[in-house]
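Asks: Structure provided below as structure tokens; questions to follow.
The values are calculated or read from the model by the stated rules, or taken from the named source; none is laboratory data. No experiment lies behind these values; they were computed from the predicted model shown. Cβ atoms come from the backbone with ideal geometry, glycine included; neighbour counts cover every protein chain shown.
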Amino acid sequence: MRPPSSSSSSLSSSAMPAPGGGGGGGGRMSAFTMRAVARMSRARWFIFLRRVYQYQNGPRSDLGSNPFNSPGWLALELGVIVAQMVLTTAVVATSPAELPAWPLRLWVAAYNVGNVLSLPLLYWRHRHSSAAAGGRGDALSGDLEMHGANDALRDRSYLMNKARAFLELFFAMWFVMGNVWVFDARLGSFSRAPRLYALCISLLAWNAVVYSLPFLLFLLLCCFVPMVGYALGYNMNSASVGRGASDEQLAALPRWRFKEPADVPRDREHDDQECCICLAQYREKEEVRQLPCTHVFHLKCVDRWLRIISSCPLCKQELK
């Protein structure tokens, strides 16, 4: 008697190991990597970074579309500003005997003044982003807020945007001045004011990261992500734009329990005995699902896939 295909495959795999450590381990590793990448592409931080990159490189219409005006980001900015103010005040108060060669206390004090001036701008962004988000439900008020028909609101927005631009210019110029004062090797006075120098270096390093954020986003989303997607054959960008299938679409797709090839529906190929998502053979009474393109997969595997992107993993045909 000829043994079942599953038994013969398991016997052959155990008797003859695949080169390079076995194909089963490689398949499991590939499936694990694919799941990890899929989870990362659906993570909130990755979707937020994509929104930031699209906002910085696309048309900026209204405040509600700005990801930097989201409640989570505004709360993060507020926490960073308050932490900087507390840290700078504590370091300056605990180092009265330090005598730096450059007026670092003046630099720190002006930096703190900029942080204080950032607070009303932060509150204004919160108020106007909330108003824009709430006005989307009302067509008239949404049109007034999004297109600037309200003259008073437009004037205030113009003034606040100008103030924000001047504040950003001040921070940029003060950043350059701080680099000149802190990294001046001619005087070498780090030993005379170690706490103040350490504080200034920390603030300069933080601002350097903030200023290089657009370049880091470019490297991540335009270089690293396409390379990973090409290596794995998985489009991370398409998985993060909300193209997943709904519960109603999944419920409308046919499903059944796997049986022997003789009992399989006629429109299914008889040599299609394994799921191309998990690379495992179908077993008796396992639930499978058929897509409109007639391709069949494990129920759990294809449902997870379709919730990420609503197209067939093989032929890329979209669900209707």
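Asks: Considering only segment 179-188, state which residues are touching a helix residue (DSSP H, G or I) at 6+ places or on another chain (Cβ under 8 Å) and either under 13 Å from residue 101 (Cα atoms) or hydrophobic (A, V, I, L, M, F, W, C) (or both).
Replies: Residues satisfying the conditions are 181, 182.
Asks: Restricted to segment 52-70, and to residues that are at pLDDT 75 or above and not hydroxyl-bearing (Ser, Thr, Tyr), which residue is surrounded by the most Cβ atoms within 10 Å (Cβ to Cβ)?
Replies: If we take residues in segment 52-70 being at pLDDT 75 or above and not hydroxyl-bearing (Ser, Thr, Tyr), then 69 is surrounded by the most Cβ atoms within 10 Å (Cβ to Cβ).
Asks: Oh, and also: For segment 134-147, state whether one or more residues are at pLDDT below 90 and hydroxyl-bearing (Ser, Thr, Tyr).
Replies: Looking only at segment 134-147, we keep the residues that are at pLDDT below 90, and these are 134-147.
Imposing the further condition that a residue be hydroxyl-bearing (Ser, Thr, Tyr) reduces the set to 141.
Scanning segment 134-147 turns up at least one residue that is at pLDDT below 90 and hydroxyl-bearing (Ser, Thr, Tyr).
Asks: Identify, please: which residue in segment 284-320 is in a loop (DSSP other than H, G, I, E, B) and in contact with an Asp or Glu (Cβ under 7 Å, 6 or more places away or on another chain) and is, among those, nearest to residue 256 (Cα to Cα)? Before the answer, list the steps.
Replies: Taking segment 284-320 as the starting set, the residues that turn out to be in a loop (DSSP other than H, G, I, E, B) are 284-286, 291-295, 310, 312-317, 319-320.
Pick out the ones that are also in contact with an Asp or Glu (Cβ under 7 Å, 6 or more places away or on another chain) and you get 294, 310.
On the way: 294: 13, 310: 20 Å.
The residue in question is 294.
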